[in-house]
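Asker: The structure that follows is given in the form of structure tokens.
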Amino acid sequence: MKNNMDDLNKLADILNASAFAIHIDDEKITNLTISTKANSHLAHILVKNKTTLFNHRYQSLSYTEGHFLTCRVCDNIVICFAFDYTDIFSDNSDLMVVNSLSNLQSISQVIYTLYTQEEAPGEKVFIQHIQNCISCVNLDTEEKHNDPKQLFDMETNIIQGIVHSDKQMVTKALDQLSHVQMIYSRLSPNNLLRGEKDILLGYVAILNRAIIQWNYPVELAINLHNDMIKEIELSHQIPDFFQVIREITWHYFKIVQEYHIHNFLPLAKRIHQYIKEHIGEHITLDDIATGLNNTKKNLNPAFKSEYHATIKQFIKKTKIDTSKELLIASNLCLEEIADILSFNSTSYFIKTFKETVGVTPAYYRKHFFNQHLHL
């Protein structure tokens with residue numbers, strides 16, 4: 001059983017999630033990750049609504065600031081992965097804003113297999129929203145409103161909340177946003193995915209213009225916008241549309257919040273942050289020096305003193321770590337992953353991955369949940 005827990009911990013680490021087990025009989029909560037980020041209040045709410053956990057094998061239970069992915073592994077135990085979108089200290093990849101929600105079924109099956117060492121059932125993931133963190137509701141049956149001014153006010157409040165780092169304002173506006181009928185009316189039943197992507201692209205454009213108007217650097221905003229467009233367009237499915245909107249919103253919230261404190265960080269931390277923000281690009285020391293308004297000769301000594309690795313080594317490790325996340329949590333092909341991480345070619349990505357991890361990306365994706373593979 002220890003190997004099972006180690007592998008679940010490894011998966012949670014790759015996905016930047018907290019993992020815990022809920023034992024239904026005695027309502028016991030057991031943390032499975034070394035340093036859990038799970039919201040204990042929400043975990044106990046899940047326990048108090050334990051009948052919900054057993055309605056389906058796999059469930060995505062979303063709330064305004066994140067979501068739980070739950071997997072019933074036996075009659076008495078549910079494994080929960082908790083994703084907190086507001087955690088500014090999370091190392092979650094900027095390239096996983098949409099893709100982290102696009103492959104829920106595969107992730108659920110991996111969790112089941114890691115815990116039970118058995119082949120996972122091919123059931124679909126049931127998606128619900130935890131309204132006000134108290135009860136689960138079906139968004140399709142909720143009362144909707146059709147007031148253009150109301151939609152404008154909500155978007156305005158979201159923007160104000162982002163630029164002023166007002167978490168409460170953002171939370172309240174997002175709680176209201178899913179009730180607006182106008183958003184639903186723009187989704188064409190003939191091409192639902194295309195309609196969802198168009199709305200998301202429009203929403204990203206609004207957020208991008210807003211943060212630029214509030215003095216967020218234009219170059220960084222353009223890079224962020226381009227990364228978001230690429231990720232949205234490469235998404236093969238969007239199983240929970242409003243949860244994607246929530247995650248995009250909190251992503252912008254964290255980006256702006258991090259920028260507000262950026263100049264107060266030591267140089268090594270700022271280098272780390274720069275690499276995180278630009279991991280989809282071909283990063284050079286000249287780029288970092290220019291971006292941080294520092295001299296190139298100061299970069300490596302400061303960084304190595306803090307992180308015990310050169311900047312080049314860290315960039316390589318971060319790209320490979322991000323590619324692992326994309327391999328496990330998305331349906332992107334190797335060519336697409338190589339492209340969004342700015343490898344010179346797919347073959348170079350495969351070569352670099354194998355040198356670092358010991359197996360090819362395709363093998364890693366296929367065999368990740370094999371208990372005999374310790375990567």
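The values are calculated or read from the model by the stated rules, or taken from the named source; none is laboratory data. Keep in mind that what you see is a predicted model, and the values were worked out from it rather than measured. Here the Cβ positions follow ideal geometry from the backbone for every residue, glycine too, while neighbour counts run over all protein chains shown. Ligands, DNA and RNA are excluded from the accessible area calculation, which covers all protein heavy atoms including side chains. Shrake-Rupley method; radii C 1.70, N 1.55, O 1.52, S 1.80 Å.
Asker: Keeping every protein chain present and rolling a 1.4 Å probe, give me the accessible area per residue for segment 272-327 in Å².
Answerer: 50 Å²
Asker: What list of ³J(HN,Hα) couplings, whole Hz, do you get for segment 59-75 from phi and the Karplus terms 6.51, -1.76, 1.60, once you set θ to phi - 60° and write x for glycine and proline?
Answerer: My calculation for segment 59-75 gives 9, 10, 9, 8, 9, 4, 10, x, 7, 10, 10, 10, 9, 7, 8, 7, 5 Hz in order.
Asker: Shape verdict for segment 250-375, please, from the Cα gyration tensor: rounded (a/c under 1.5), prolate (a/b greater than b/c) or oblate.
Answerer: prolate
Asker: How would you order 245-252, 204-211 from highest to lowest mean count of nearby Cβ atoms within 10 Å?
Answerer: Highest-to-lowest ranking by the protection proxy: 245-252, 204-211.
Asker: Just to verify a number: FRET efficiency for residue 281 and residue 31, C-beta to C-beta distance, R0 = 45 Å, to 0.05?
Answerer: With R0 = 45 Å, the Cβ-Cβ based efficiency is 0.80.
Asker: Something else: Taking a 19 Å limit on the Cα-Cα distance, which of the listed pairs 10/366; 297/351; 296/351; 276/304; 316/351; 124/197 fall beyond it?
Answerer: Where the Cα-Cα span goes over 19 Å, the pairs concerned are 297/351; 296/351; 124/197.
Asker: I'd like the accessible area for residue 308: 1.4 Å probe, protein heavy atoms, all chains in place, Å² to the nearest 10.
Answerer: 150 Å²
Asker: Identify all aspartates and glutamates with a Cα-Cα distance to residue 167 below 20 Å; exclude those on the same chain that are fewer than 8 residues away in sequence.
Answerer: In chain and number order, the partners are 65, 84, 87, 91, 94, 153, 155, 175, 247, 258.
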